[in-house]
Amino acid sequence: MLIDLKDIKKIYEIGGTVKVPALKSINLVIGKNEYVAIMGPSGSGKSTLMNILGCLDTASEGIYMLNGSNVSDMTDDELAEIRNREIGFVFQTFNLLPRANALHNVELPLIYNGTSSTQRKKQAKEALEKVGLADRMDHKPNELSGGQRQRVAIARALVNNPSIILADEPTGNLDSKTGEEIMEIFETLHDAGNTIVLVTHEEYIAEHSDRIIRLRDGLVERDESVN
Amino acid sequence: MRILIYFVESVKIATNALRSYKLRSILTTLGIVIGVTTVITIVALIQGLNKSFERQISAIGTDTLFIDKYPWIITSNTEFFSYRNRRNIPVNYAFRIKELSSLSKAVAPTLYSRQTAKYKGRSSEGVLIIGTNADYLVTSNTLPEIGRFLSDTDVEHRRSVCVLGWDVYQALFPNSDPIGKKIKLGGKKFKVVGVIEKKGAMFGNSMDTNVCIPIGVFQSTFGVRWRSCDIEIKINSPELMDDAEIELTGIMRRLRGLKPGEDNDFNINKQSMLMDTYKRLTNTLWAVAIGVGSISLLVGGIGIMNILLVSVTERTREIGVRKALGARNHDVLLQFLIESMVICSIGVIIGILFAIGIAKLVAATTPIPAAITLWVVFLGVGFVITIGVFFGIYPASKAARLNPIDALRYE
Ligand SMILES: Nc1ncnc2c1ncn2[C@@H]1O[C@H](COP(=O)(O)OP(=O)(O)O)[C@@H](O)[C@H]1O
Ligand SMILES: [Mg+2]
């Protein structure tokens, strides 16, 4: 299995006194080439879970095994390497560098693993071709539409061939037609063998996946396959 | 390899970031510019001064001592008046010293007078007549270019002969042979026996307008028996300078009849005294350079730190994105340190250019050969690294320590 969460808890402390239990006890196993949608009402802990899965944040308690290694007790630098090598993260707000063009944005993960400049350009172009943006490589984010920006972000997430692609409400800032186009890309990526976990609160978006995990108040409420 | 790729990338990120804040970056470098300009200009000035001072002072040998009534360096009037009361040094001391000193190879008494030299309607004004003996050739490192210098017999028999400095020769004998010709000095005729090679100037005084004559003739012609004689002494070798000074002090005290405990009423001068005074002067310049330089570099460095802190805050999300994509803490640290050094190097480069301009101007308008050499590059690189790292480390580590999720959430 790719992801194995055992009794994961996350408690946010506000000002050192108020404690918010965002995740209470999450037990979850996700295998290779799965396509999982995480659903749930606002504030149920979806983003918190995704950030932990993406090694952007660490759990307060519990064990997180990713691809055979224990992520729970890794150092900052080790986590950075995991993020670089194993994870492709797609954000709701795209998070592209505004001053860099599409190609350079897609190159970024490769800079941090020491890929040479020519090799970077080659891989970044291939990734942009996969999301159908080969003709927009030189455009800066403010010269692209929302859907195009999210496609650049997806290209960036998959440029380093990660073990898993995580997307937190990737269509949340897009209209439904553009959202559908983005979902088609995820579907193609899944068909090509990628493992995908995405957060959404639109049922029709979740329909694209093979498995839906529903969260409520920091707990897994339901975990079911989609037919 | 990885580090090299990342280094190149960091320089690109830094220059891109600075390009988007051009004015802000240039203003930030102002302190560095002023500091670097000051330090490098003053260092160039000091080097120029050193060069010209060494060139001038080289006429005074390091193996020569000068016994004078006055010390060369007098710093106050009261000092001067106390020296003025000393007894004059008579010419015959030179002959006694020559007999008594074992460490001296040449002893020359000297008396000076400014006169006009004339030859057949031509004249040369402000000529410095030096009454001396044959040893002056050695004590003053003089070489005759034409003819010969004064001989012992010239001095013994008080012959009315003279040796001309180069400029006097040029003025009086523009296109004729001077040897054997008679010139007039202070109303008396002197036969030219030689011309001294061109020597240049020392502290603004040309040494080529000198004319040497036998000391006895000087005394009878210019009637200055009451004047104190300066005695120039060439020591056997430079290592014996200290011993010679002790020996000569003893001889002088004996000649003067000074009792133990009585102060010397003469001074033994040497080149190193001028050197010491000069060093004290340049030390003041160094202090100014270090003072002004370090204050402006401090101000400049704080400016850089400030602008980097602003930059880190403005780019918090960018830092978050980079970390989310795999940038490690030290990658971010390096990125901002390089940005700090890039800003700093802009200031240093502008500062060096200004300093080069000022040095060129000084060299063109004054006699100081101020010049900036390769060491400037090393100094510049040193400044960039120290200031860049020193003032960049705090903002850079602040950026490096940012938690990726907090940085991404930053609005
Ligand atoms: N950085 C934070 N500090 C404090 N509380 C937080 C923080 N992030 C999230 N929370 C809280 O944790 C709970 C879960 O939030 P989140 O995971 O963002 O939910 P979702 O993405 O499902 O809407 C919420 O109650 C939220 O207020
Ligand atoms: Mg959320």
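Couple of notes before you dig in:
- If you go through segment B:225-257 and keep only what is over 34 Å from the mean Cα position of the chain (by Cα) and either loosely packed, with under 15 Cβ neighbours inside 10 Å or assigned to a strand (DSSP E or B) (or both), you end up with B:R225, B:W226, B:R254, B:G257.
- Residues (open to solvent by less than 30 Å² (accessible area, probe 1.4 Å) and assigned to a loop (DSSP other than H, G, I, E, B)) located in segment B:61-90: B:G61, B:D63, B:K69, B:P71, B:I89
- Subset of segment A:115-136 that is open to solvent by 20 Å² or more (accessible area, probe 1.4 Å) and within 22 Å of B:A17 (Cβ to Cβ) - its residue that is nearest to the other protein chains (Cβ to nearest Cβ): A:S117
- Residue within segment B:163-181 that is open to solvent by 30 Å² or more (accessible area, probe 1.4 Å) and within 30 Å of B:A244 (Cα to Cα) present: no
- Conditions (1) open to solvent by 30 Å² or more (accessible area, probe 1.4 Å); (2) within 16 Å of ligand 2 (Cβ to nearest atom): number failed by A:A206: (1)
- No other residue among B:L379, B:L285, B:L361, B:L337 is under 28 Å from B:E54 (Cα atoms), away from every other protein chain (no Cβ under 14 Å) and surrounded by 16 or more Cβ atoms within 10 Å (Cβ to Cβ) apart from B:L379.
Residue by residue, here is whether (1) away from ligand 2 (no atom under 16 Å from the Cβ); (2) within 14 Å of chain B (Cβ to nearest Cβ); (3) buried (at least 20 other Cβ atoms within 10 Å of the Cβ) holds:
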site	(1), (2), (3)
A:S145	yes, no, no
A:R149	yes, yes, yes
A:I154	yes, yes, yes
A:A157	yes, yes, yes
A:N161	yes, yes, no
A:L166	no, yes, yes
A:G172	no, no, no
A:S176	yes, no, no
A:E181	yes, no, no
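- Single unsatisfied condition, A:E78 versus (1) within 19 Å of the chain's Cα centre (by Cα); (2) acidic (D, E); (3) away from ligand 2 (no atom under 16 Å from the Cβ); (4) part of a loop (DSSP other than H, G, I, E, B): (4)
- B:I356 being open to solvent by 20 Å² or more (accessible area, probe 1.4 Å) and under 19 Å from B:G31 (Cβ atoms): no
- Consider segment A:36-75 and keep the residues that are assigned to a helix (DSSP H, G or I) and within 10 Å of ligand 2 (Cβ to nearest atom). The one that is nearest to B:A400 (Cα to Cα) is A:N51.
- Taken together, the residues in segment A:89-104 that are at the interface with chain B (Cβ under 9 Å from one of its Cβ atoms) and either in contact with a Phe, Trp or Tyr (Cβ under 9 Å, 6 or more places away or on another chain) or outside any loop (DSSP other than H, G, I, E, B) (or both) amount to 2.
- Residues satisfying the stated conditions in segment A:18-44, i.e. near ligand 1 (Cβ under 7 Å from one of its atoms) and either of a type in the set (A, V, I, L, M, F, W, C) or within 14 Å of chain B (Cβ to nearest Cβ) (or both): A:V20, A:A22
- Residue in segment B:166-176 that is closer than 28 Å to B:S237 by Cβ and touching a residue at least 40 places away in the same chain (Cβ under 8 Å) present: no
- Hey, B:T15 out of contact with any Lys or Arg (no Cβ under 9 Å at 6 or more places or on another chain), open to solvent by 20 Å² or more (accessible area, probe 1.4 Å) and within 14 Å of another protein chain (Cβ to nearest Cβ) or not: yes
- Residue match in segment B:126-142 (condition: over 24 Å from B:I251 (Cβ atoms) and either surrounded by fewer than 17 Cβ atoms within 10 Å (Cβ to Cβ) or of a type in the set (G, A, S) (or both)): yes
The values are calculated or read from the model by the stated rules, or taken from the named source; none is laboratory data. If you're wondering where the values come from, they're calculated on a predicted model, not measured in any experiment. Cβ: placed from backbone, ideal geometry, glycine included. Neighbour counts: every protein chain shown. With ligands, DNA and RNA removed, areas are computed over all heavy atoms of the protein, side chains included. Shrake-Rupley method; radii C 1.70, N 1.55, O 1.52, S 1.80 Å.
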